[in-house]
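What follows is calculated from the coordinates using simple rules that are stated; it is not laboratory data. Everything quoted here is computed from the prediction, not taken from an experiment. Note: ideal-geometry Cβ built from the backbone for every residue, glycine included; neighbour counts use all protein chains shown.
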Amino acid sequence: MPHKKLVSFAKTLGLKLTDAQADRLLAYARCVWEKKDFLNLTSAQSLEEILLRHICDGMVAAAWIAKKHPEALQVADAGAGCGYIGMTLAVCLPQVQVTLIESLERRCKFMNWAAMQSNIGNVQIKNVRLGQGTHFQFDVLTERAMGPLVQIGPLCLSALKPGGIFLAFQGEQAPSWGKGTVEEYTLPWDDKTRHLVSYKKDENGTRI
């Protein structure tokens with residue numbers, strides 16, 4: 001049933017998701033569920049919650065990129081955690097190279113293992129903290145739950161090339177930083193209204 005719900009939700013987003021892609025997402029979700037307590041990966045209480053709340057969040061970002069920035073080839077997820085957003089982007093956008101940036105080594109080891117178990121090849125895991133000594137130039141960077149936008153927004157923008165896009169998940173809370181474009185969406189997990197905010201880095205390196 002969760003498999004069918006993923007495919008159905010993808011259709012509502014205008015995102016093409018094959019059965020093989022849905023299988024990889026399900027395999028990854030099972031990896032998270034298997035290791036979640038041992039590695040303290042997530043607070044999700046069921047496999048269905050992992051799929052219909054967290055992975056579907058990633059599908060929202062994938063659909064946004066596919067529609068509005070289809071030329072993007074280098075995409076990253078900052079503060080990747082156990083990989084919910086980044087792994088989903090990689091599966092849904094197979095033509096894109098996805099970098100998952102995470103400061104905790106145990107989570108990075110998990111993501112490398114989960115990617116192999118789930119046959120997700122277009123990912124690389126970076127065990128670094130964003131803004132500390134590593135220079136990135138991504139086309140698109142996503143972020144979910146790293147902290148207040150006023151603090152992490154400038155860091156995320158600094159990892160983009162000029163013209164790049166920063167996508168921030170804001171949950172139910174309306175954004176309070178910058179001049180981003182706000183889009184509302186809902187997930188199959190519940191009926192709460194959530195927000196995805198996009199910021200464009202201009203040619204001079206400032207946000208639009």
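For segment 136-146, the Karplus equation 6.51 cos²θ - 1.76 cosθ + 1.60, evaluated at θ = phi - 60°, returns couplings of 10, 9, 8, 6, 9, 10, 10, 8, 9, 6, 6 Hz by residue, with Gly and Pro reported as x. Only Cα pairs under 8 Å and 6+ residues apart enter the sum, and on that basis the relative contact order of the chain stands at 17 percent.
So which GluC sites (Glu not before Pro) in segment 105-208 end up in coil per DSSP with only 12 or fewer other C-beta atoms within 10 Å? Taking segment 105-208 and a limit of 12 other Cβ atoms within 10 Å, the loop GluC sites (Glu not before Pro) found are GLU172, GLU203. Size check on the chain: the Cα extents along the three principal axes, sorted descending, read 47, 35, 30 Å.
Please go through segment 1-97 and write out the GluC sites (Glu not before Pro) that DSSP classes as loop and that have at most 14 other C-beta atoms within 10 Å.
On the way: sites: GLU34, GLU48, GLU49, GLU71; in loops: GLU71.
When the GluC sites (Glu not before Pro) of segment 1-97 are filtered for loop state and at most 14 Cβ neighbours within 10 Å, GLU71 remain.
Annotation: for a label point projected 7 angstrom from Cα along Cα→Cβ of LYS68, residues of segment 161-176 with backbone N closer than 12 Å are 165-169. Taking Cα atoms only, the orientation of helix 2-13 departs from the longest principal axis of the chain by about 30 degrees.
In order along segment 150-158, the Karplus-derived 3J(HN,Hα) couplings, from 6.51 cos²θ - 1.76 cosθ + 1.60 at θ = phi - 60°, round to 4, 8, 8, x, x, 4, 5, 5, 5 Hz, and Gly and Pro are given as x.
Between the listed residues ALA61, THR186, GLY164, the Cα displaced farthest toward the positive end of the dipole of the chain, a dipole computed from Cβ unit charges relative to the Cα centre, is found at GLY164. Among beta bridges from DSSP that stay inside segment 2-200, the antiparallel ones total about 35%.
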